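One structure is given below, encoded as structure tokens.
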Amino acid sequence: MSVVRYSADAKADALHSVHALQGQGYARRAAVRQVAAQLGCRSETLNAWLRRDAARQRGAHPGSHDARIQRLERELYQLMRVNADLRAELEALEHRARDLALRTPAGAIRPSRRRS
């Protein structure tokens, strides 16, 4: 089965036909079925076009979900870098504390060791 690509004009005409049928009292489902049959596409395809058109009219971008994921991935990467830097700093401080503890004379108060 071959994939049929519809032009933007064909999609706009199909959307207009669905809205016109709804204006005549057809239920959305019935209007979509009728226009899809006339166009030779599946109802799911026409419903996807209707959802995209509604999102566009609301001002939402079809790729807004992708943009959100990319933003969250960038934020995660930044937090992972900060976490790695903090772990390295903690390790350096613990190393320095061990060195100071070894240099402390016998009988002097030593820093307590943290239990994990």
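Bear in mind these aren't lab numbers, they're just calculated from the coordinates by the rules spelled out. Predicted, not measured: the structure shown is a model, and the values here were computed from it. All Cβ positions, glycine included, derive from the backbone under ideal geometry; neighbour counts span all protein chains shown.
How large is ³J(HN,Hα) for each residue in the stretch 79-85, as worked out from phi by the Karplus curve 6.51 cos²θ - 1.76 cosθ + 1.60 (θ = phi - 60°), to whole Hz, x for Gly and Pro?
Running phi through 6.51 cos²θ - 1.76 cosθ + 1.60 with θ = phi - 60° gives 5, 5, 5, 4, 4, 5, 4 Hz.
Output the peptides 21-28, 33-40 sorted from most to least packed, where packing is the average of other Cβ atoms within 10 Å over each peptide's residues. The partial results should precede the final answer.
Working: 21-28: 12.0, 33-40: 14.9.
The peptides rank, most packed first, as 33-40, 21-28.
In what sequence, highest mean first, do 89-96, 8-15 appear when ranked by Cβ atoms within 10 angstrom?
Values: 89-96: 10.1, 8-15: 14.0.
Packing order, densest peptide first, comes out as 8-15, 89-96.
Could you give the distance between the Cα centres of the stretch 9-45 and the stretch 64-88, to the whole Å?
So the two Cα centres are separated by 43 Å.
How high is the relative contact order of the stretch 8-62, in percent, with contacts defined as C-alpha pairs under 8 Å that are six or more residues apart? Don't skip to the end; give the middle numbers.
On the way: 28 pairs, mean separation 16.0, N = 55.
Once divided by the residue count of the stretch 8-62, the mean separation gives 29 percent.
Residue-wise, which Karplus ³J(HN,Hα) couplings in Hz belong to the stretch 12-20, taking 6.51 cos²θ - 1.76 cosθ + 1.60, θ = phi - 60°, and x for glycine or proline?
4, 5, 5, 5, 4, 4, 4, 5, 5
Using 1/(1 + (r/R0)^6) with R0 = 22 angstrom and r between the beta carbons of ALA37 and HIS65, what's the FRET efficiency to the nearest 0.05? Write out the running numbers ahead of the final one.
Values: r = 31 Å, r/R0 = 1.40.
The computed FRET efficiency comes out at 0.10.
Over the Cα atoms of the stretch 8-62, how large are the radius of gyration and the largest Cα-Cα distance (Dmax), in Å?
Using the Cα atoms of the stretch 8-62, the pair Rg, Dmax is 10.8, 30 Å.
How much length, in nm to one decimal, is gained on full extension between HIS95 and MET80, taken as 0.36 nm per residue of separation minus their Cα-Cα distance?
Values: separation 15, 0.36 × 15 = 5.40 nm, distance 2.25 nm.
Residue separation times 0.36 nm, minus the Cα-Cα distance, leaves 3.2 nm.
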